[in-house]
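Structure record follows, encoded as structure tokens.
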Amino acid sequence: MNQSSNRKALTTICMAAAMAALVALGSWIQIQIPSILGTSRFHLGNVMCALSGLLLGPWWGGLAAGMGSALYDLLLDPARFMEFPITFVTKSVYGLVAGAVFFKVFQGKSNYVNEAVASGAAAVSYVAVYLVKCFFYNGLLIKGLTPGGAWLGVLEKVPSSVFNGIVAVIFAPILGVALRRALKAAHLEEKLARP
């Protein structure tokens, strides 16, 4: 490896680490809503997960989204400690899909619509994976509910999951477009993922 590719690899790792920290922080900024079967929460973690994919591409973005969310479970929310491996996988889907759609379908052409569509695809994918996890893992396995009770638990999570997804679809593209413009003005756009 030459010095240029070493520098590029180090920069990519640092950007992924920074995005993972932002994902963890965004997950920590939340409003908890008590409910019959537990709690639901509105948070900013999904915005950062989508932004990770939009800025870093599918692989590094997925890794940053998964790592940041898993770090939140491990360090910031002791009640979720045992779920961190599952969170890593499900949240990685968020960054992976956002990055894949943005870079493969839209060839990394940055504008609000392209980034919103990529964020929307990621939100739909994540919500589907998350609700399946809520049914099988939280409902049937952990709480020992009947399938009917597990479905009630899933239905209870739908409003907050959809709301968090909508917030991500609105705000991740705003941040993505703004950050790309700022990096371009500073002649640092080559630090972002390429299509």
Every residue in the range 108-159 that is touching a helix residue (DSSP H, G or I) at 6+ places or on another chain (Cβ under 9 Å) and not in a helix (DSSP H, G or I), please. GLY108, LYS109, SER110, ASN111, LYS143, LEU145, THR146
Given the condition within 14 Å of ALA123 (Cα to Cα), touching an Asp or Glu at 6+ places or on another chain (Cβ under 6 Å), buried (at least 24 other Cβ atoms within 10 Å of the Cβ) and in contact (Cβ under 8 Å) with a residue 60 or more places away in the chain, answer yes or no: does some residue in the range 47-59 qualify? yes
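How many residues are among the aromatic types (Phe, Trp, Tyr) and within 14 Å of the chain's Cα centre (by Cα) if we restrict to the range 103-122?
Looking only at that region, the number is 0.
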Scanning the range 38-60 for residues that are part of a helix (DSSP H, G or I) and either among the charged types (D, E, K, R) or over 13 Å from ALA20 (Cβ atoms) (or both) gives ASN46, VAL47, ALA50, LEU54, GLY57, PRO58, TRP59
Go through (1) open to solvent by 20 Å² or more (accessible area, probe 1.4 Å); (2) touching a residue at least 40 places away in the same chain (Cβ under 8 Å); (3) under 20 Å from ILE86 (Cα atoms) for SER125 and report which single condition fails. (2)
Selection count where residues are open to solvent by 10 Å² or more (accessible area, probe 1.4 Å) and either modelled with pLDDT of 95 or more or not in a helix (DSSP H, G or I) (or both), scope the range 61-84: 3
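The values are calculated or read from the model by the stated rules, or taken from the named source; none is laboratory data. All figures in this text were calculated on a predicted structure; none of them were measured in a lab. Please note: Cβ atoms are built from the backbone with ideal geometry, for glycine as well, and neighbour counts cover all protein chains shown. Areas reflect the complete protein model, heavy atoms only, side chains present, ligands, DNA and RNA absent. Shrake-Rupley method; radii C 1.70, N 1.55, O 1.52, S 1.80 Å.
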